[in-house]
Amino acid sequence: MIAFAAEPATLFGRHLLEVTDLSRDELARLLRLAQYLKVQGRGEQRTLLRDRTLAMLFEKPSLRTRVSFEVAMTQLGGEVLFAQGAEFMVGSRESPEDAARTLSRYVDVIAVRTHAHEPLQRFAHASTVPVINALSARAHPCQAIADVLTMRERFGDVAGLRIAYVGDARNNVAASLAEAAVTLGATVQFGCPPTHRPSESYLAKLDALGESSGGATRAFSNAVRAVRGADVVYTDVWTSMGEERYRERNDAMLRPYAVTEELFAFAKPNAIFMHCLPAHRGEEVVAGVIDGPRSAVFDQAENRMHAQKALLLALLTELKGLPI
Ligand code: CP
Ligand code: NVA
């Protein structure tokens, strides 16, 4: 059953660079809209973003983010331009500000996948159309929205869940997932070595984010302690894009945090396994878990598209006639 909120939507015309750009209420509304769009017939969506154009500027490879945004925008009746390169944000040809000001004259919304987060902030500050972070070194908010949508589908509510994140707990996916989860009232238990542990100040920031909803974080250096009693066990690659120089060190440090059948068995009997993908079987997760019956990874991948449809509609329209 979809709950219809009484207040008007507030995301119109805004940027989404991090999960914390959304209030708890705005995040909850996006999830309700995404769920509604997922079950609604595609025929009813065909004109919602007619004559609107999404530009995607990607400085790193992508399968899910690129294709799910393209399909979402196309199914909503809009158009998509994709440009892959290495120089949009680094300022080697022109500044992020000038690139943003120029593109704002052509298109209605811009999704950017880049390295450092700060040039993306400068780009968004100069843009007069909404900018979406399609992954930066700091954050992957679109992934996190799809992840909490998947948890809501599986468990009915995110509040009260215990989510174990094992591996590189300092990366973009871990940060955005934790921000979304604690905002909605879940407890996030990181399992990681000291080298890959979020800073104390960031953990305190997460706890503050969760204060009003009962969300909290804990960090353990023992993977079993992080996973014991969890509803969700989540991991990501040990080495993120752009961090390849640390691969050898990461492989050595993170090996004890691999999600094996033995480690997964410490979670609740009905726990699910999650991973943003792409995954490396035999490294951060074994095939028996990611390909097993409790793996939710392809639901997560599908939900990227539904969550991004909701996001595009919320940033580009006033959601007239839609439940949010
Ligand atoms: N999960 C995710 O963002 O996948 P891609 O890198 O393939 O877009
Ligand atoms: N942490 C990974 C996520 C890929 C979707 C990376 O940044 O490469």
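The values are calculated or read from the model by the stated rules, or taken from the named source; none is laboratory data. Keep in mind the model is a prediction, meaning the values are calculated, not measured. All Cβ positions, even for glycine, are placed from backbone atoms using ideal geometry, and neighbour counts span all protein chains on display. Only protein heavy atoms, including side chains, enter the accessible area calculation; ligands, DNA and RNA are left aside. Shrake-Rupley method; radii C 1.70, N 1.55, O 1.52, S 1.80 Å.
Tabulated data
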read-out: Of the DSSP H helices in the chain, those whose Cα atoms cover at least 24 Å axially and whose Kyte score averages -0.5 or more; value: 297-316
read-out: Prolate/oblate/rounded label for region 187-273 (Cα gyration tensor, a/c 1.5); value: oblate
read-out: Surrounding net charge for S68, when Lys and Arg each add one and Asp and Glu each subtract one, Cβ distance under 12 Å; value: +2
read-out: Whole-percent carbon and sulfur share, accessible surface of region 1-157, 1.4 Å; value: 50
read-out: Shape call, region 49-176: gyration tensor on alpha carbons, a/c limit 1.5; value: oblate
read-out: Where R225, R138 fall by accessible area, highest first, once all protein chains stay in place (1.4 Å); value: R225, R138
read-out: Heavy-atom accessible surface of region 211-297: percent carbon and sulfur, 1.4 Å; value: 51
read-out: Listed residues F273, F82, F220, most fluctuating in the chain (Gaussian network, C-alpha, under 10 Å); value: F82
read-out: Surface accessible to a 1.4 Å probe, V107 within the full protein complex, Å²; value: 10
read-out: The chain, accessible area per residue, ligands and nucleic acids excluded (1.4 Å, Å²); value: 42
read-out: Sequence of L277, L63 when ordered by accessible area, the most exposed leading, probe 1.4 angstrom; value: L63, L277
read-out: Proximal charge balance of F264 [Cβ under 13 Å; K/R count +1, D/E count -1]; value: -2
read-out: For the chain, share of DSSP beta bridges that run antiparallel, in % to the nearest 5; value: 0
